[in-house]
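Accompanying notes for the structure given below.
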Amino acid sequence: MDNFQRALDSAKNSGDFDSFHKGVELIYQHFKDILGKEGLKEIKAIGEPFDPHLHEAVMQQESDEFPDGIVMDEISKGYMLNDKVIKHSKVIVSKGKK
Amino acid sequence: MAKVIGIDLGTTNSCVAVMEGGEPKVIPNAEGMRTTPSVVAFTKTGERLVGQIAKRQAITNPENTVFSIKRFMGRKHNEVLAEEKLVPYKIVEATNGDVRVLIQGKEYSPPEISAMILQYMKKTAEDYLGEPVIQAVITVPAYFNDSQRQATKDAGRIAGLDVIRIINEPTSSSLAYGLEKKKDEKIAVFDLGGGTFDISILEIGEGVFEVRSTNGDTHLGGDDFDQKVIDWMADEFQKNYGIDLRKDRMALQRLKEAAEKAKCELSTTMQTNINLPFITADASGPKHLDLSLTRAKLEQLVDDLLQRTIGPCKRALEDAKLSPEDIDEVILVGGQTRMPKVQELVKDLFRKEPHKGVNPDEVVAVGAAIQAAVLTGEVKDVLLLDVTPLSLGIETLGGVMTRLIERNTTIPTRRSQIFSTAADDQTAVSIHVLQGEREMAIDNRTLGRFDLVGIPPAPRGIPQVEVTFDIDANGIVHVSAKDLGTGKEQSIKIQASSGLSEQEIKGMGKDAESHAEEDRRKKGLVESRNKADQVVYTTEKTLKEYGDKVSPEERKKIEQAVEKVKSVVRSDNKDEIDRATEELLTASHKIAEEMYKKTTTQQSAGQGPGGQSEESKGEDKSKKEGAVDADYEVMDDK
């Protein structure tokens with residue numbers, strides 16, 4: 001929280017977007033590390049077979065790259081806490097070649 | 001004593017609750033949700049999915065994902081032609097005129113599909129309670145006719161549940177609401193769910209619930225609100241691009257989800273954006289849908305639907321012989337009542353602030369759980385009187401329906417009336433049992449038909465045939481006809497009208513059971529495979545990092561064991577996978593042993609003859625070589 005406060009303060013005072021971006025990224029990394037230690041994992045999606053246990057299909061598209069039934073794009077990331085899915089990845093599933 | 005659960009088997013969502021320590025408790029499903037979508041899906045790999053998971057894959061599999069099955073329960077195919085067009089799965093007609101859902105070349109009856117949802121709810125309760133659940137109370141809309149009620153009971157039986165009572169949803173929600181209130185009150189229950197609209201006027205007092213009247217519309221609910229938004233989106237799109245998205249099954253599915261989301265958002269916000277990229281494509285390239293919907297526009301779109309709730313409310317009041325001022329409380333039930341405009345309308349109708357104290361999605365299941373507890377004696381001093389929603393009678397001379405039991409009669413009930421013959425020397429009478437409010441027999445619904453034969457020849461009007469209607473507490477109708485002259489009697493139990501025979505139900509029950517067995521087997525297989533995969537992974541990793549610490553022969557042995565596991569892991573033989581995994585584990589223990597030996601010797605050598613105890617050596621080792629230590633600890637766990 002302190003770091004967010006610092007980031008907000010610096011965004012107000014400085015016009016240097018690059019260093020601000022870098023700072024926010026560090027906070028993001030830090031936050032992710034903490035959650036990772038608590039057992040939070042990102043769910044793999046792109047290139048994996050569509051699995052309704054982990055993914056939520058929001059659309060289906062033709063693809064030359066991915067075979068039928070494979071996740072071809074991720075619209076929002078899903079997360080698991082230990083072995084439990086807490087947020088499903090929203091994905092686009094391949095329909096195979098045209 | 002085994003618990004009896006209460007299930008709200010809804011058109012769009014279902015919910016299960018149980019009484020615990022005198023308090024009703026809604027049971028969350030395996031995913032932690034308190035309601036479960038009433039969706040069943042059949043995947044390409046032959047798997048059967050129920051609930052949220054089925055909904056998540058719906059887009060990839062629209063033809064094999066069944067939702068709103070409740071609309072087809074206990075109906076004839078020719079009664080549901082309009083609904084058939086609104087679902088992406090295939091509906092066909094069975095030989096007896098019933099509805100069947102055609103999935104991957106196999107026909108399923110609506111009770112079978114509902115049974116899959118009930119099985120899921122049953123399992124949810126069992127996982128929570130930690131014991132098998134056999135008995136259940138299931139709710140149905142007040143408007144359900146006899147065959148629809150029976151179909152619901154059949155679904156319960158197929159799912160392995162003993163349905164001890166079918167109760168009306170508004171009765172159930174008033175039960176949830178009225179338990180703690182003991183004063184005399186008249187309550188209106190306004191239930192606008194996903195697929196049905198019910199309005200009921202109830203009288204509550206001294207722990208007794210009496211349904212004064214029920215009315216409603218079996219074809220009005222949140223789904224229709226969604227449909228209005230879908231149509232609006234599709235019309236706007238057609239205006240702009242000339243493409244009808246309703247013809248594209250996948251685009252339709254996306255529109256449906258977006259419509260529901262937009263509608264829900266507008267209950268709390270004044271405006272929302274609907275953004276569906278790549279909704280379709282034509283020769284000129286991909287097309288996107290990007291629209292903005294305001295609350296006012298939504299209210300305008302659904303205005304005719306809102307107006308349609310007014311008539312039934314007025315009729316219900318008339319039937320109960322009450323005016324809006326007589327109503328003490330109004331309860332809102334069903335997710336659609338979250339819409340501010342609906343609350344406003346109800347307030348205007350009954351001139352009272354509606355009661356929103358109970359969660360509108362869960363209140364029906366909660367009431368069912370209370371009813372269950374009443375039936376098992378867990379909750380005392382609550383007596384529940386229910387009513388028959390439609391009049392019952394028989395066809396008499398001239399094709400007229402003669403009513404024996406008027407609608408809104410409290411059940412259980414029993415009524416008799418004496419009839420006679422219409423012609424001289426008539427030796428048989430045909431009893432045509434009808435349900436409905438219309439004057440002519442032909443306009444009402446046929447529940448059953450039977451003949452009483454062997455009446456002695458006599459001039460017309462002389463023989464006396466006593467016809468008795470008996471409705472039990474579940475609303476199941478028994479009709480008998482007795483010739484008072486000869487004592488001859490014929491009767492029917494109006495039950496087979498769900499369209500499924502006793503034998504079929506038993507067969508389906510077995511199917512459902514074996515399916516549950518198969519699911520368990522599949523789960524075991526998947527677990528074995530996962531374990532095998534993991535052991536292979538950790539062994540290969542250890543082998544790569546520390547393989548040089550074991551002799552080449554040992555190394556080869558382990559590699560062979562790895563290959564063996566890899567060769568069987570995709571087979572369906574769980575035992576074989578388990579055996580190979582076990583062998584690999586034994587073989588890989590060698591590395592651990594070797595490593596342990598080596599590190600110990602190394603450390604003893606390095607520390608020299610310092611006279612340290614075994615214990616402190618161990619501590620040192622874990623500090624210095626923590627990574628190695630952790631690695632084989634993981635493997636020992638397996």
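The values are calculated or read from the model by the stated rules, or taken from the named source; none is laboratory data. Worth saying up front: this structure is predicted, and the values here are computed from it rather than measured. Cβ coordinates were reconstructed from backbone atoms using ideal geometry, including for glycine residues, and neighbour counts include every protein chain displayed.
Before moving on, here are some points about what is shown:
- Among the residues listed as A:Lys41, A:Lys32, the single one being away from chain B (no Cβ under 14 Å) and outside any strand (DSSP E or B): A:Lys32
- Of the residues making up region A:55-72, not one is among the hydroxyl-bearing types (Ser, Thr, Tyr) and facing another protein chain (nearest Cβ under 10 Å).
- Number of residues in region B:310-328 that are farther than 14 Å from B:Asp198 by Cα and surrounded by 21 or more Cβ atoms within 10 Å (Cβ to Cβ) equals 1.
- Meets criteria (under 20 Å from B:Glu31 (Cβ atoms) and over 17 Å from the mean Cα position of the chain (by Cα)) for A:Asp68: no
- Selection status of B:Val66, surrounded by 16 or more Cβ atoms within 10 Å (Cβ to Cβ), more than 20 Å from B:Ala369 (Cα to Cα), away from chain A (no Cβ under 14 Å) and not acidic (Asp, Glu): yes
- Checklist (1) within 30 Å of B:Ala580 (Cβ to Cβ); (2) modelled with pLDDT of 80 or more applied to B:Val550, failing item: (2)
- Checked across region B:479-487, the condition of being surrounded by fewer than 16 Cβ atoms within 10 Å (Cβ to Cβ) and under 42 Å from the mean Cα position of the chain (by Cα) holds for no residue.
- When residues of region B:406-420 are limited to those that are under 11 Å from B:Thr468 (Cβ atoms) and of a type in the set (Lys, Arg), the one surrounded by the fewest Cβ atoms within 10 Å (Cβ to Cβ): B:Arg414
- Strands (runs of 3 or more DSSP E) contained entirely in region B:412-486, each with at least 3 residues that are polar (S, T, N, Q): B:413-419
- Hits in region B:284-331 (condition: among the hydrophobic types (A, V, I, L, M, F, W, C) and farther than 24 Å from B:Leu220 by Cα): B:Leu289, B:Leu291, B:Leu322
- Residues that are of a type in the set (Ser, Thr, Tyr) and at pLDDT 85 or above occur at least once in region B:171-186.
- Yes/no for B:Val429 being surrounded by 14 or more Cβ atoms within 10 Å (Cβ to Cβ) and modelled with pLDDT of 90 or more: no
- Exactly one residue out of A:Ile46, A:Ile75 is within 16 Å of the chain's Cα centre (by Cα) and either within 10 Å of chain B (Cβ to nearest Cβ) or without any contact (Cβ under 8 Å) to a residue 12 or more places away in the chain (or both), and it is A:Ile75.
- For region B:247-262, the candidate set comprises residues that are without any contact (Cβ under 8 Å) to a residue 40 or more places away in the chain and over 20 Å from B:Gly335 (Cα atoms); within that set, the residue that is surrounded by the fewest Cβ atoms within 10 Å (Cβ to Cβ) is B:Lys247.
- Of the residues B:Thr65, B:Thr60, the single one that is in contact with a strand residue (DSSP E or B) (Cβ under 6 Å, 6 or more places away or on another chain), closer than 17 Å to A:His88 by Cβ and modelled with pLDDT under 90 is B:Thr60.
- Test: residue in region B:236-246 that is within 14 Å of another protein chain (Cβ to nearest Cβ), of a type in the set (Lys, Arg) and surrounded by 13 or more Cβ atoms within 10 Å (Cβ to Cβ): no
- Region B:24-63 - residue that is over 18 Å from B:Arg520 (Cβ atoms) and assigned to a strand (DSSP E or B) and, of those, nearest to the other protein chains (Cβ to nearest Cβ): B:Ala41
- B:Thr388 satisfies every condition listed in (1) surrounded by 13 or more Cβ atoms within 10 Å (Cβ to Cβ); (2) modelled with pLDDT under 85; (3) in contact with a helix residue (DSSP H, G or I) (Cβ under 8 Å, 6 or more places away or on another chain) except (3).
- The conditions of being at the interface with another protein chain (Cβ under 10 Å from one of its Cβ atoms), outside any strand (DSSP E or B) and either in contact with a Lys or Arg (Cβ under 6 Å, 6 or more places away or on another chain) or exposed (fewer than 14 other Cβ atoms within 10 Å of the Cβ) (or both) are met by A:Pro52.
- Residues that are surrounded by fewer than 20 Cβ atoms within 10 Å (Cβ to Cβ), within 12 Å of chain B (Cβ to nearest Cβ) and farther than 19 Å from B:Gln52 by Cα, drawn from region A:82-98: A:Lys95, A:Gly96, A:Lys98
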